[in-house]
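S.K.: Would you mind keeping the following structure in view while I ask a few things?
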Amino acid sequence: MSLFASPIPWFWREAAAWGDAGQMNDTIHEPARDLPVIGDYDLCVIGGSCTGVFAAVRAARLGLSVAIVERMGSLGGVATLSLVNVWHSPYDEVFQRRIFRGLTVELIDRLRERGAVRERDRDPSWAWAFNSAEMQIDLDELVAEHGITSWLHVLFSGPLIENDRLVGVAVETKSGREAIRARFFIDASGDGDLCTRAGAETYRASRHQPATACALFGGWDGLRDTDWQGLLRQHGCEFGLPEGFAWGAMVPDSEAYMLAATRVHEDCSTATGFARAEVEGRRQVRAIHDLLRKYAPAARLSLLALPARIGIRETRHVRCLHRLTGEEVLYGRRFSDAIANGSYRVDIHHADKPGITFRYLNGSEVYARPGYADVCSRWRSASDENPTFYQIPYRSLVPVSPHGNLLAAGRFIDADEQAHAAIRVMVNMNQTGEAAGAAAFLALRDNVPAAQVDLEKLRSTLAEGGSIMI
Ligand SMILES: Cc1cc2nc3c(=O)[nH]c(=O)nc-3n(C[C@H](O)[C@H](O)[C@H](O)COP(=O)(O)OP(=O)(O)OC[C@H]3O[C@@H](n4cnc5c(N)ncnc54)[C@H](O)[C@@H]3O)c2cc1C
């Protein structure tokens, strides 16, 4: 029937056919067929953010042949595609002890050579603000130098299992549906797409953190003497803006300001939720632009760029051998299988009220809401001893799954709401990627499943490769 023959508009009919979870309540049979294999590797990494790229580079440096499958046209994930251009401190919370190095610092060194990074010492809010466009090209160069194949504009769509073993992935490319074969897999897709479809158990936080569409603006300097956060609070309603949290950073070596001020409550791991989130994120960007044009016209702001993909903070998580808890993070628990160290505060973008709550390892807590004074309190008694950094154990990367040749890295690793709110920042996720890459090498070399990788050897391999192991 023609789209136009029904008295019900097509978009209502389409919406009615989709269930709450974003699944179509109907099926069409797809005949089974053999897929052409377009590549055969030791390791295949799904997702090309810095998490995935660093996993790939670590494994390649140890001698594995590696491919990255990335559904977008460039590497870098949220740091590039979603314009989020800020990384956090390599020191502990009191800035006394260096807690990570590795590929994060190597990449910053490359950006520094091009004048594409600004640096701040002793600031808990950020250590490095970088130019995301420069980073995209640096990542292309980094993977090329290591002989890694980047399959760009290639979407992972399903696991390929033979004799109960994960042997490949089905991918959608410009040429159609094809296959990539590998001996080991790292899921760095942010949403755990491979783990979920390969049968690992996943779960969702009761209130997942909202997504944000960032944007680049020109003319921001004109707002220097304007309380633009106050304007957003005062007039947001008039422009249909939810009250949330707003921050930003100048893009080094440019006139552009990266603004992160939208707040979208959709489940971006479903087709419908993801699409709605993109449209709503862009609507909010325009609403902010219009609001500031009306109430701060002298600034003459211009919209320079939108993200290639909305920034996603959280969707699902995968159940692993260990669920990292907020208590373990906030009390700085040490793990014998620690593979990452972090000091970024617990940072909860509330799903059920405006603003965000920061919880620090030193026991202090701040509730921040744009346009209002910060509310400061303590979540722990002042007399308690304070840790200065926390750790992520390797076991939180090992999915409980039928497949021993599969690891998780990135924001969907096993962490409760509060732990996730701290560890999700990129400098931490980058370290999970590096660890997964080294673990993949050891698992293949020793012919053992991911859960049986020699943990001492893993930590020493990471240390030899430039990571700080504590
Ligand atoms: C607005 C915003 C602000 C933030 N601010 C900061 C900040 O200031 N500093 C900070 O460090 N962190 C910040 N974060 C958090 C941080 O960006 C994320 O937690 C982190 O990027 C997660 O990294 P990831 O590698 O797990 O996922 P992503 O960066 O989301 O990368 C996943 C990659 O996998 C690809 N992919 C997904 N599915 C598939 C598939 N099926 N096939 C192929 N490829 C696929 C995606 O295209 C993407 O490239 C912010 C997040 C948001 C949204």
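S.K.: State the answer as a single residue: which of 406, 130, 265 lies farthest towards the positive end of the charge dipole of the chain, with beta carbon charges of +1 for Lys and Arg and -1 for Asp and Glu, about the Cα centre.
M.R.: After comparing all options, I get 265.
S.K.: Additional query: In terms of modelled amide H atoms, which long-range or inter-chain residues lie less than 5 Å from the amide H of residue 160?
M.R.: Here 167, 168, 169, 170 satisfy the definition.
S.K.: Something else now. With a cut-off of at most 16 other beta carbons within 10 Å, and DSSP calling the residue loop, which trypsin sites (Lys or Arg not before Pro) in segment 90-170 qualify? Please list them.
M.R.: Taking segment 90-170 and a limit of 16 other Cβ atoms within 10 Å, the loop trypsin sites (Lys or Arg not before Pro) found are 97, 101, 114, 120, 122.
S.K.: Mind ranking 394-402, 195-203 by how tightly packed they are, going by the mean number of other C-beta atoms within 10 angstrom, highest first?
M.R.: On the way: 394-402: 23.1, 195-203: 18.2.
By packing density, highest mean first, the sequence is 394-402, 195-203.
S.K.: I need the peptides 363-372, 307-316 ranked by packing, meaning the mean over residues of other C-beta atoms within 10 angstrom, with the highest value on top. Don't jump to the answer; show the numbers that get you there.
M.R.: Details: 363-372: 17.0, 307-316: 21.8.
The packing order, highest mean first, is 307-316, 363-372.
S.K.: About its Cα centre, what dipole magnitude does segment 214-305 give when the only charges are +1 on Lys and Arg Cβ and -1 on Asp and Glu Cβ, stated in debye to the nearest 20?
M.R.: Values: 10 positive and 12 negative charges, 48 e Å.
The calculation lands at about 240 debye.
S.K.: Using a Debye calculation, one point per C-alpha and no hydration shell, please list log10 I(q)/I(0) for segment 214-305 at q = 0.15, 0.18 Å⁻¹ in order.
M.R.: Taking Cα atoms of segment 214-305 as identical point scatterers yields -0.57, -0.80.
S.K.: If you take the beta carbon distance between residue 141 and residue 181 as r and set R0 to 25 Å, what does 1/(1 + (r/R0)^6) give as a FRET efficiency, to the nearest 0.05?
M.R.: 0.40
S.K.: Can I ask one more? Read phi for every residue in segment 340-357 and hand back ³J(HN,Hα) as whole Hz from Karplus 6.51 cos²θ - 1.76 cosθ + 1.60, θ = phi - 60°, with x for Gly and Pro.
M.R.: Whole-Hz 3J(HN,Hα) from phi for segment 340-357: 8, 10, x, 9, 5, 4, 5, 9, 9, 7, 5, 8, 10, 7, x, x, 9, 10.
S.K.: Students often check this: by mean Cβ neighbours within 10 Å, which of 30-39, 411-420, 383-392, 425-434 ranks highest, and how do the rest follow? Show your work: numbers first, answer last.
M.R.: Working: 30-39: 9.8, 411-420: 24.8, 383-392: 18.0, 425-434: 26.8.
The peptides rank, most packed first, as 425-434, 411-420, 383-392, 30-39.
S.K.: Ok, one more. Label residue 229 and residue 351 with points 7 Å out from Cα along Cα→Cβ: what is the distance between them in nm?
M.R.: 2.5 nm
S.K.: Quick one: Karplus J couplings for segment 36-41, per residue in order, coefficients 6.51, -1.76, 1.60, θ = phi - 60°, nearest Hz, x for Gly and Pro?
M.R.: x, 8, 9, x, 9, 9
S.K.: Sticking with this one: Given the rule -39500 (n - 2.57) for each run of at least 4 DSSP H residues, summed and divided by the residues of the chain, what is its mean residue ellipticity at 222 nm, to the nearest 500 deg cm²/dmol?
M.R.: -8000 deg cm²/dmol
S.K.: Please report, in debye to the nearest 20, how large the charge dipole of segment 398-457 is about its Cα centre when each Lys and Arg carries +1 at its beta carbon and each Asp and Glu carries -1 there.
M.R.: 180 debye
S.K.: With charges only on Cβ, +1 for K and R and -1 for D and E, what is the dipole size of the chain about its Cα centre, in debye, rounded to 20?
M.R.: So the dipole magnitude of the chain works out to roughly 500 debye.
S.K.: At q = 0.17, 0.18, 0.19 Å⁻¹, work out log10 I(q)/I(0) for segment 91-203 with the Debye formula, treating every Cα as an identical point scatterer and leaving solvent out; two decimals please.
M.R.: -0.99, -1.02, -1.06
S.K.: What are the DSSP H helices in the chain that stretch 24 Å or more along their long axis, judged by alpha-carbon atoms, and whose average Kyte-Doolittle hydropathy comes to at least 1.6? Could the numbers behind the result be given before it?
M.R.: Working: long enough: 271-295 (36 Å, -0.64); 426-446 (30 Å, 0.27).
Result, helices passing both filters: zero.
S.K.: Pop out the ³J(HN,Hα) list for segment 368-384 in order, Karplus 6.51 cos²θ - 1.76 cosθ + 1.60 with θ = phi - 60°, rounded to Hz; leave Gly and Pro as x.
M.R.: 10, 9, x, x, 10, 5, 5, 9, 9, 8, 10, 9, 9, 4, 5, 7, 5
S.K.: Near residue 174, which aspartates and glutamates are there with a Cα under 18 Å away, not counting those fewer than 8 places off in the same chain?
M.R.: 34, 70
S.K.: Extension gain residue 254-residue 463, at 0.36 nm per residue separation less the Cα-Cα distance, in nm? Spell out each step's value before the answer.
M.R.: Values: separation 209, 0.36 × 209 = 75.24 nm, distance 3.61 nm.
Full-extension gain reported as 71.6 nm.
S.K.: Still on this structure, I have one more. With each label point set 7 Å from Cα along the Cα-Cβ vector, what nm distance links residue 384 and residue 112?
M.R.: So the label points at residue 384 and residue 112 sit 3.6 nm apart.
S.K.: Between residue 271 and residue 167, what length in nm is gained on full extension when 0.36 nm per residue of separation is reduced by their alpha carbon distance?
M.R.: 34.8 nm
S.K.: Provide the convex hull volume over Cα atoms per residue for the chain, in Å³.
M.R.: So the per-residue hull volume is 158 Å³.
S.K.: Let me ask something else. So which aspartates and glutamates can residue 353 reach, going by Cα to Cα under 18 Å and dropping same-chain residues fewer than 8 places off?
M.R.: Correct list for residue 353: 243, 266, 267, 314, 365, 374, 417.
S.K.: Using +1 at the C-beta of Lys and Arg and -1 at the C-beta of Asp and Glu, which of 103, 386, 462 has the Cα lying farthest in the positive direction of the dipole of the chain?
M.R.: 386
S.K.: Of 203, 287, 371, which is farthest along the charge dipole of the chain in the positive direction, counting Lys and Arg as +1 and Asp and Glu as -1 at C-beta?
M.R.: 371
S.K.: Show the residues, 5+ positions off or on another chain, whose built amide H is closer than 5 Å to the amide H of residue 311.
M.R.: Those lying under 5 Å, H to H, from residue 311 are 212, 213, 214.
Read-outs throughout are calculated quantities, based only on the coordinates presented, and are distinct from any laboratory measurement. None of the values given here were measured: they were computed from a predicted structure. Please note: Cβ atoms are built from the backbone with ideal geometry, for glycine as well, and neighbour counts cover all protein chains shown.
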